[in-house]
Amino acid sequence: MKAPARVTVLGAGLSGRAAAALAKRKGAQVTLTDLNAQAPEMDGIRCIFGRHEDTDLTDTDLVVVSPGIPAAAPPVRLAQDADVAVVGELGFAASFLPQDKPILAISGTNGKSTVTWFTKQILEQAGMKVFAGGNLGTPLSLAVDGDHEVLVVEVSSYQMELPGPFTPWAAVILNLTPDHLARHGDMATYAQHKLRLFDNLRPEGLAGLVHEPHLEFAAQGKPGRRIWLDRLALDNPVLDTLRVLGDHNRWNAAVACLLAAEVGVVPADLSTLVGLPHRLEPVPSNDGRRWINDSKATNIEAAIVGISAMEGPGVVLLGGRGKAGADYSRLRACIEGRPVVCFGEAGPEIHAALGGTLVGSLDQAVSTARELSAHGEQILLSPACSSFDAFQNFERRGDHFRALVQELP
């Protein structure tokens with residue numbers, strides 16, 4: 001398929017740059033625009049940085065929107081008001097994929113990266129050529145024209161604001177808890193964006209979701225073969241071979257097996273599956289403690305899952321930048337009397353809700369946790385907060401935590 005003659009790409013981040021490169025490969029005259037005046041230029045592409053030119057949005061054939069830009073943003077509305085076609089990067093990439101190439105799509109507030117990663121490993125171990133990406137690091141635009149036999153795509157609610165012709169063979173929504181409400185406004189709207197994942201699903205395709213009121217109501221009338229993921233049987237013997245930490249990962253692996261079965265793969269052994277970095281990741285150390293990096297736990301629900309995976313005594317590190325309306329007292333039941341070290345911008349609020357020890361930074365939290373713990377005990381970073389008070393993203397926070405631990409005597 002050829003791209004329209006003129007394509008404007010809004011946003012010069014990873015997804016936008018991948019979409020611009022794809023449009024250029026498909027023969028379009030491409031403009032890439034971003035409010036960041038320092039964005040790097042791209043060869044053979046007209047780059048307008050530090051501003052948006054109205055004519056680039058109104059006098060073009062297609063506007064491709066990066067997921068970081070809301071569908072309600074003024075540049076997007078300007079293009080729509082001028083009757084210019086508008087699509088997100090995910091849908092733009094999907095328009096170039098063969099209809100017979102299977103797409104397995106995973107969404108949800110928490111766990112979607114892990115299920116994507118598990119599914120990729122299961123399929124690769126069966127000998128398939130697999131693309132894994134989307135919201136998980138690698139834009140779908142980079143998969144176009146590849147020789148992959150199946151595409152495993154993590155999908156965010158941001159990407160479903162302008163989904164275009166994204167057509168999965170099978171799709172799951174793992175859960176829905178309050179998140180991204182500053183952009184979506186309320187839970188009902190958040191659920192509606194998630195459920196657009198099913199809009200183009202094949203009639204016989206798998207549509208997996210959980211019993212969550214907003215999902216159940218909005219899912220009525222959607223296509224697909226409905227499966228309730230919270231009723232998945234977890235007594236399958238193959239799940240006993242899983243070595244990744246946490247009971248929740250047994251369920252994640254069960255969902256991954258369900259998706260793999262949609263393309264004819266039924267694993268007999270999961271012992272070689274490994275988890276993603278920053279998700280209950282064991283950190284090697286020399287101090288006799290068991291340090292666990294769960295920096296990806298950027299909200300309370302994810303932290304509850306991480307803390308619940310702890311076995312025996314240990315210390316929990318909580319903190320960072322809190323999210324609006326966060327009720328940290330909900331963590332009390334899973335902490336079960338373990339010492340808590342609170343740090344960062346939300347540290348005082350967490351300390352007020354849970355008690356424990358209040359420090360300023362993650363560095364201080366690590367040294368304090370070591371003092372509070374005994375040989376052989378776990379120390380878990382599962383922050384329940386974003387990283388943006390001190391780190392660019394949860395990966396940087398997790399990397400810093402890992403470095404601090406590995407420097408301990």
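Of note:
- Size descriptors for the range 200-354, from the alpha-carbon set: Rg then Dmax equal 18.7, 56 Å.
- For the range 94-108, 3J(HN,Hα) computed residue by residue from phi via the Karplus equation (6.51, -1.76, 1.60; θ = phi - 60°) reads 4, 5, 9, 8, x, 5, 8, 8, x, 10, 10, 10, 10, 9, x Hz, glycine and proline entered as x.
- Scaled to the globular estimate 2.2 N^0.38 Å, the Cα spread of the range 1-144, given as radius of gyration, is 1.11.
- Here the range 336-409 and the range 75-126 have alpha carbon centers that stand 34 Å from each other.
- Residue-normalised accessible area of the range 270-383, expressed per residue, 1.4 Å probe, Å²: 40 Å²
- DSSP bridge pairs, the range 245-390: antiparallel proportion in percent, nearest 5: 20 percent
- Cα coordinate range in the range 90-188, projected on the principal axes (Å, largest first): 41, 27, 21
- Radius 12 Å from Cβ of ALA73, net charge of other residues (Lys, Arg +1; Asp, Glu -1): +1
- Of all DSSP beta bridges in the range 153-295, antiparallel share, percent nearest 5: 30 percent
- Under a 5 Å amide H cut-off, with hydrogens placed 1.01 Å from N, ILE379 pairs with ARG290, TRP291, ILE292, VAL315 among residues at least 5 apart or on other chains.
- As a fraction of the 1.4 Å probe accessible area of the chain, surface on carbon and sulfur atoms comes out at 51 percent.
- Stokes-Einstein D (µm²/s) once Rh is taken as the Kirkwood radius of the chain over alpha-carbon pairs, at 25 °C in 0.890 mPa s: 109 µm²/s
- In order through the range 248-253: 3J(HN,Hα) via Karplus (6.51 cos²θ - 1.76 cosθ + 1.60), integer Hz, x for Gly, Pro: 4, 6, 5, 5, 4, 5
- Around the Cα centre of the range 1-125, unit charges on the Cβ atoms of Lys, Arg, Asp and Glu (plus for the first two, minus for the last two) sum to a dipole of about 420 debye.
- Close Lys-Lys pairs in the chain, where close means Cα under 21 Å and separation is 8 or more or interchain: 18
- Using a probe of 1.4 angstrom and keeping all protein chains present, the accessible surface of the range 1-86 works out to 49 square angstrom per residue.
- Over all pairs of different C-alpha atoms, the range 281-382 has a mean inverse distance whose reciprocal, the Kirkwood radius, equals 13.3 Å.
- The modelled label-to-label distance between ASP269 and ALA72, using points 7 Å beyond Cα along the C-beta direction, is 5.2 nm.
- Once the Cα-Cα distance is subtracted from the 0.36 nm per residue extended length, the LEU234 to ASP145 segment shows a gain of 28.3 nm.
- Other-chain or far-sequence residues with amide H under 5 Å of ILE227's (modelled H): ALA207, GLY208, LEU209
The values are calculated or read from the model by the stated rules, or taken from the named source; none is laboratory data. Here the structure is a predicted model, which means the values were calculated and not measured. All Cβ positions, even for glycine, are placed from backbone atoms using ideal geometry, and neighbour counts span all protein chains on display. Just the protein is used for accessible areas: all its heavy atoms, side chains included, with ligands, DNA and RNA removed. Shrake-Rupley method; radii C 1.70, N 1.55, O 1.52, S 1.80 Å.
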